[in-house]
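Report on the structure given below.
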Ligand code: HEC
């Protein structure tokens with residue numbers, strides 16, 4: 001059903017004002033009538049309220065699409081002129097109908113998340129775009145208008161720290177891959193302990209920077225990070241799932257799970273990540289930051305010198321420290337039907353992990369099975385994996401994320417599943433490695449002793465046929481690991497603990 005448009009409403013308003021007003025309005029309407037006649041069947045618009053481009057559609061494209069779809073932006077084509085939009089009307093209709101654009105991975109089972117309204121289309125906006133296209137995608141303007149830049153201003157008392165790549169880096173491909181994951185070690189030059197209150201990425205070559213994850217490097221790990229950096233030619237080192245820096249002082253899996261070194265994850269067009277008022281990520285004097293940048297080589301290999309911008313306040317500001325809780329679940333993913341090869345055998349695949357990454361990596365699969373109360377001697381293989389963790393102390397959940405690699409299908413983080421107090425904290429029903437972020441809950445969630453958080457992942461070994469480079473397509477029994485051909489199932493919770 002179509003709503004009565006503004007013109008219909010203003011008509012009844014005019015009648016109520018008496019004859020004189022009607023006469024004036026009639027004279028004023030002559031040029032308008034001319035326009036309506038010229039626009040042919042658009043003359044119906046007055047009664048059926050067909051959406052207009054300039055009035056209804058352009059503002060939506062400008063606010064919700066053109067931040068990425070601009071010249072030099074991450075998206076493959078710009079929405080700058082009205083023709084840019086009209087000429088792609090059928091494709092736009094399909095991505096909008098299927099909710100593929102704008103990209104917003106959380107599904108309808110997720111709770112309300114900060115930024116959702118700015119990033120997604122409302123039902124009404126979706127309807128407006130689809131009706132405009134169904135009615136012929138007619139134009140009454142030339143331009144879409146300039147998108148607003150979503151760069152937030154630092155607040156009073158905040159120091160802005162810009163972390164720039166030491167030298168420009170030319171993204172490169174390993175064995176024909178179309179993505180390059182590179183970790184850069186940058187120095188925020190902290191002479192005192194601080195809290196990070198917001199983090200943002202300023203991509204230099206916005207067309208190639210697909211996403212960025214920031215990790216803290218505590219003083220005890222700086223030497224390890226510098227070794228990695230020195231060993232690899234050029235600025236930074238190649239890294240895939242994480243930073244590749246070993247846990248400090250040999251803390252095994254489990255040790256670092258309650259306070260892990262994440263700062264934030266960022267994707268283009270998603271603005272900045274300002275942590276909740278009164279909270280911040282603590283960063284000790286002498287810490288470094290790893291900027292993991294995912295370059296999309298399909299958009300070129302222009303040398304890039306992106307920067308991360310952190311706003312900090314001194315530790316004396318007494319903010320509540322944001323800590324990152326990691327919720328890993330074991331991955332025991334057998335080869336898909338029809339796949340075969342020596343690495344489809346679990347033991348052979350385990351030896352391969354040890355060969356590539358050392359003894360520690362070989363212990364991770366068994367460690368995770370034990371951590372999650374599963375049988376480590378004869379593990380059950382399957383596409384779905386879960387892990388429950390008991391919350392030991394009062395905890396306020398502020399933000400939540402999920403992490404898998406290329407064979408991930410979906411991931412969910414929930415509190416107290418199967419009880420009357422059950423609630424979903426994040427549901428990503430169609431996992432996309434290329435759109436990673438940490439989502440701030442619109443309302444913080446309190447939990448405490450007796451509560452359980454569960455992470456559930458579904459993997460799909462058939463996705464391997466799409467993996468890059470081609471060498472990543474070798475069939476294998478897939479377990480937890482850092483590499484492109486390994487997998488993860490990781491819930492990420494940013495919490496404060498009073
Ligand atoms: C956060 C950045 C971002 C925003 C916001 C965004 N897009 Fe995209 N868009 C992309 C990227 C990147 C691609 C390339 C495909 C991919 O990586 O998913 C794309 C691809 C597309 C495509 C081509 C799809 C295909 O199958 O070839 C269309 C059409 C599109 N976007 C329309 C829109 C519309 C309409 C909006 C706003 C309602 C929008 N996009 C908002 C980043 C964005």
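Of note:
- Among residues of the range 159-173, those that are more than 19 Å from residue 210 (Cβ to Cβ) and part of a loop (DSSP other than H, G, I, E, B), counted: 2
- From the options 102, 111, 171, 147, residue that is in contact with a helix residue (DSSP H, G or I) (Cβ under 9 Å, 6 or more places away or on another chain), surrounded by 13 or more Cβ atoms within 10 Å (Cβ to Cβ) and closer than 30 Å to residue 412 by Cβ: 102
- Residues satisfying the stated conditions in the range 398-429, i.e. within 16 Å of the ligand (Cβ to nearest atom) and modelled with pLDDT under 95: 406
- So residue 453, is it buried (at least 19 other Cβ atoms within 10 Å of the Cβ) and over 19 Å from the mean Cα position of the chain (by Cα): yes
- Inter-residue pairs, beta-carbon under 7 Å, first assigned by TED's automatic domain parsing to the domain that holds residue 440 and under 12 Å from residue 65 (Cα atoms) and in the range 95-120, second more than 10 Å from the ligand (Cβ to nearest atom) and at pLDDT below 90, 6+ apart: none
- Residues being touching a residue at least 12 places away in the same chain (Cβ under 8 Å) and more than 8 Å from the ligand (Cβ to nearest atom) - total across the range 67-82: 6
- Residue match in the range 395-405 (condition: part of a loop (DSSP other than H, G, I, E, B), closer than 26 Å to residue 267 by Cβ and touching a strand residue (DSSP E or B) at 6+ places or on another chain (Cβ under 9 Å)): yes
- Test: residue 479 is within 21 Å of the chain's Cα centre (by Cα) and either assigned by TED's automatic domain parsing to the domain that holds residue 117 or not in a loop (DSSP other than H, G, I, E, B) (or both): no
- In the condition set (1) part of a strand (DSSP E or B); (2) away from the ligand (no atom under 16 Å from the Cβ), residue 295 is compliant with all but (2).
The values are calculated or read from the model by the stated rules, or taken from the named source; none is laboratory data. Since the model is a prediction, treat every value here as computed from it, not as a measurement. FYI the Cβ positions are ideal-geometry reconstructions off the backbone, even for glycines, and counts take in every protein chain you see.
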